[in-house]
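In what follows, a single structure is set out as structure tokens and then discussed.
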Amino acid sequence: MSQTRACFPNRPQFSGFMKPCRVEGDVSHLEVYGEIPKEIDGVFYRVMPDPQLPPFIEDDPWFNGDGNVAAFRIQDGRASFRQRYVRTEKFVQEREAQRALLGKYRNKFTDAVEFQVRSTANTNVVFFNGQLLALKEDSPPYAMDPVTLETKGLYDFEGQLPTRGDGTPDVCYYTVSPTGQFTEVVWLVAPVAAMIHDFAVTDNWVIFPIIPQVCDIERMKQGGEHWQWSPDTPLYLEVMPRRGSKAEDVKWFHYKNSFPGHTANAYEDEKGHLVVDLGLSETNVFFWWPDGQGRSPEPSSIRSQLVQFTLDPQAVDLVLPEPKILHQGSSEFYRIDDRFATQPYRHCYFDLMDPELGTDFERIGHKIGGGHPLYNSLAHFDNVTGKTEIYYPGNTHLVQEPVFISRKDSTTEGDGYVMALINNYETMASELHLLDSRDFTRAQAKILLPVRLLHGLHGKWVDGRDIEPSTE
Ligand code: V55
């Protein structure tokens, strides 16, 4: 047996700000500059891939790190921080063995031991039925206690969650009632075995964008990558009725080869057409999974824009018309006031890269590390006026995915706060910036963390009343 490595590979995704954090702990009374309005009461949860141990795969991508979940409790004008790793089977076995055992991203044929569940639980955290669920696309979720962040175990909805093997074009659409009962379960066969990361819902329809990153089980058996960019595969938007659907009702709309990113929102217009707002890039965003010739775009050339597809779900011609570009800038990680999900909506918040804002790349370039996209500002796009407001945190900062928090007792869309983690490359630590939607361009409060949280993926805001139900 070769010697276990004691340091992380000298690669961008393990360097600078991206050097694994691996901190678990609690910090109360985070330092606050400015003021956190007293009416804000809840928790911001987010997850980052954060390898516990050096992988034995030299160029392991950012997406394969262990899920480390943070909870920022905001209450009475104060903020506290808690962070715990999800105790996945991978995490527990590797801690015991004191070395990495899981091989390549979503390739079980490269593992050092056999796993029942390969989840890294590193992609999103959602609050459902009193539990926090840590998600990865290849596995059932892990359930965590929303207060202590203790892992309670794998959660398969009491056995209702179906699965089929690796590398098949099978897609399962299911819906879950508020009490956890599965209501719709429909199996579909996609034209390709390709990546699905996000989806969109309207009152009556569900839309699955399919990313032209394709899977080939034979390649995996030979120790290759799970995904390969396919320049010959169109972008598909799978469209199906939300309720009472059968596999025959499914339509695979398609558009030229391009990369669909995260969804902002979707809704039905007066004509019953579906309006789908999402990020779109002409080139492969996941540059670390190149095409069959080993080609991928230069990372700094990748540009996603917020676009709008409009389609008639009754159409016979499944070629998608050109989308409308809603915002010209290089953007991603779109979020909305979630009370308006599935409905016509006005306000969209996202990460934006605008080099004109003055980011000092000369000063911070060597500290950024790599393997993830770079955004230097938060944008608020107004679908009614077409105008954009920008929050720029500073010349040595980059931004992560925002969340929207509605103002207490306000039912007006977009009336509230926007919160996001900010990477400060001067202090090499993380900050939470809080913006008031009525004064978006400056921070209401900057909450400093004594630690560096790497670039992460997704998160949720959960109202305090949902987490600690009142005993009255
Ligand atoms: C994404 C993230 C993943 C993944 C697939 O952001 C897609 C997109 C953190 O892992 O496995």
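The values are calculated or read from the model by the stated rules, or taken from the named source; none is laboratory data. Since this is a predicted model, take the numbers as computed values, not measurements. Positions of Cβ are generated from backbone atoms using ideal geometry, with glycine treated the same way; all protein chains shown enter the neighbour counts.
Name the single residue that is farthest from the ligand (Cβ to nearest atom) among those in the range 134-155 being under 16 Å from Arg82 (Cα atoms) and surrounded by 17 or more Cβ atoms within 10 Å (Cβ to Cβ).
Filtering the range 134-155 for residues under 16 Å from Arg82 (Cα atoms) gives 134, 144-151.
Those still in the list that are surrounded by 17 or more Cβ atoms within 10 Å (Cβ to Cβ) too: 134, 144, 146, 149, 151.
Values: Ala134: 11, Met144: 17, Pro146: 21, Leu149: 19, Thr151: 18 Å.
Going through the qualifying residues, I end up with Pro146.
Would you confirm, using the coordinates I've provided, whether Asn124 is farther than 30 Å from Asp415 by Cα, within 14 Å of the ligand (Cβ to nearest atom), of a type in the set (S, T, N, Q) and modelled with pLDDT of 95 or more? Before you say what the answer is, go through the steps one by one.
On the way: farther than 30 Å from Asp415 by Cα: no; within 14 Å of the ligand (Cβ to nearest atom): yes; of a type in the set (S, T, N, Q): yes; modelled with pLDDT of 95 or more: yes.
Here the answer is no, as Asn124 does not meet what is asked.
Please indicate, with yes or no, whether at least one residue in the range 264-279 is touching a Gly at 6+ places or on another chain (Cβ under 7 Å) and surrounded by 21 or more Cβ atoms within 10 Å (Cβ to Cβ). Reasoning before the result, please.
At the first step, the residues of the range 264-279 found to be touching a Gly at 6+ places or on another chain (Cβ under 7 Å) are 278-279.
Cutting the leftovers down to surrounded by 21 or more Cβ atoms within 10 Å (Cβ to Cβ) gives us 278-279.
Within the range 264-279, one or more residues are touching a Gly at 6+ places or on another chain (Cβ under 7 Å) and surrounded by 21 or more Cβ atoms within 10 Å (Cβ to Cβ).
Looking at the range 401-413, is at least one residue over 26 Å from Arg363 (Cβ atoms) and touching a Leu at 6+ places or on another chain (Cβ under 9 Å)? Spell out the reasoning first.
If we filter the range 401-413 for residues that are over 26 Å from Arg363 (Cβ atoms), which is where we start, we get 403-413.
In the following step, the residues that additionally are touching a Leu at 6+ places or on another chain (Cβ under 9 Å) were identified as 405.
The answer is yes, given that some residue of the range 401-413 is over 26 Å from Arg363 (Cβ atoms) and touching a Leu at 6+ places or on another chain (Cβ under 9 Å).
Could you identify the single residue in Ala97, Ala79, Ala70, Ala6 that is more than 16 Å from the ligand (Cβ to nearest atom) and crowded, with 16+ Cβ neighbours inside 10 Å?
Numbers: Ala97 fails: crowded, with 16+ Cβ neighbours inside 10 Å; Ala70 fails: more than 16 Å from the ligand (Cβ to nearest atom); Ala6 fails: crowded, with 16+ Cβ neighbours inside 10 Å.
Only one candidate passes the filter, namely Ala79.
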Breaking point among (1) assigned to a helix (DSSP H, G or I); (2) without any contact (Cβ under 8 Å) to a residue 40 or more places away in the chain, for Pro321: (1)
Would you check if Thr168 is in contact (Cβ under 8 Å) with a residue 24 or more places away in the chain, farther than 27 Å from Asn107 by Cα and away from the ligand (no atom under 15 Å from the Cβ)? no
Could you grab me the full set of residues in the range 185-224 that are more than 30 Å from Glu58 (Cα to Cα), within 16 Å of the ligand (Cβ to nearest atom) and not in a loop (DSSP other than H, G, I, E, B)? Ala200, Phe208, Pro209
On the given criteria, is Glu158 closer than 26 Å to Val126 by Cβ, touching a residue at least 12 places away in the same chain (Cβ under 8 Å), out of contact with any helix residue (DSSP H, G or I) (no Cβ under 7 Å at 6 or more places or on another chain) and surrounded by fewer than 16 Cβ atoms within 10 Å (Cβ to Cβ)? yes
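Conditions tested, residue by residue: (1) of a type outside the set (A, V, I, L, M, F, W, C); (2) in contact with a Cys (Cβ under 9 Å, 6 or more places away or on another chain); (3) under 30 Å from Ala97 (Cβ atoms).
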{"site": "Cys7", "(1), (2), (3)": "no, no, yes"}
{"site": "Pro20", "(1), (2), (3)": "yes, no, yes"}
{"site": "His29", "(1), (2), (3)": "yes, no, no"}
{"site": "Ile40", "(1), (2), (3)": "no, no, no"}
{"site": "Arg46", "(1), (2), (3)": "yes, no, yes"}
{"site": "Pro61", "(1), (2), (3)": "yes, no, yes"}
It is to be established whether one or more residues within the range 270-284 are of a type in the set (Lys, Arg), without any contact (Cβ under 8 Å) to a residue 24 or more places away in the chain, farther than 26 Å from Gly459 by Cα and more than 14 Å from the ligand (Cβ to nearest atom). no
Answer yes or no: is there a residue in the range 435-447 that is part of a loop (DSSP other than H, G, I, E, B), basic (Lys, Arg) and without any contact (Cβ under 8 Å) to a residue 12 or more places away in the chain. no
For the range 319-365, which positions are surrounded by 14 or more Cβ atoms within 10 Å (Cβ to Cβ) and either farther than 23 Å from Lys387 by Cα or hydroxyl-bearing (Ser, Thr, Tyr) (or both)? Leu320, Ser330, Ser331, Tyr334, Thr342, Tyr345, Tyr349, Thr359, Phe361, Ile364
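So which residues in the range 204-215 are under 24 Å from the mean Cα position of the chain (by Cα) and in contact (Cβ under 8 Å) with a residue 40 or more places away in the chain, if there are any at all? Give the steps one after another, and end with the answer.
Taking the range 204-215 and keeping what is under 24 Å from the mean Cα position of the chain (by Cα), we get 205-215.
Trp205, Ile207, Pro209, Ile210, Ile211, Pro212, Gln213, Cys215, listed by residue number.
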Looking for whichever is touching a strand residue (DSSP E or B) at 6+ places or on another chain (Cβ under 6 Å), within 16 Å of the ligand (Cβ to nearest atom), β-branched (Val, Ile, Thr) and modelled with pLDDT of 95 or more here; the options are Val27, Val32, Val47, Val43. Which one fits? Val47
For the subset of the range 225-276 comprising residues that are of a type outside the set (Gly, Ala, Ser), over 30 Å from Gly292 (Cα atoms) and in a strand (DSSP E or B), which member is nearest to the chain's Cα centre (by Cα)? Asn265
Cβ contacts < 8 Å: first residue free of Cβ contacts under 8 Å to residues at least 40 places away in the same chain, restricted to the range 75-95; second residue charged (D, E, K, R) and assigned to a strand (DSSP E or B), any location; separation 6+ or different chain. Result? none
As an exercise: evaluate Glu58 against (1) at pLDDT 95 or above; (2) over 22 Å from Pro402 (Cβ atoms) and give the number of the one condition it does not meet. (1)
I need the full set of residues from the range 351-386 which are in a loop (DSSP other than H, G, I, E, B) and more than 21 Å from Pro61 (Cβ to Cβ), in order please. Asp354, Gly358, Thr359, Asp360, Asn376, Asn383, Val384, Thr385, Gly386
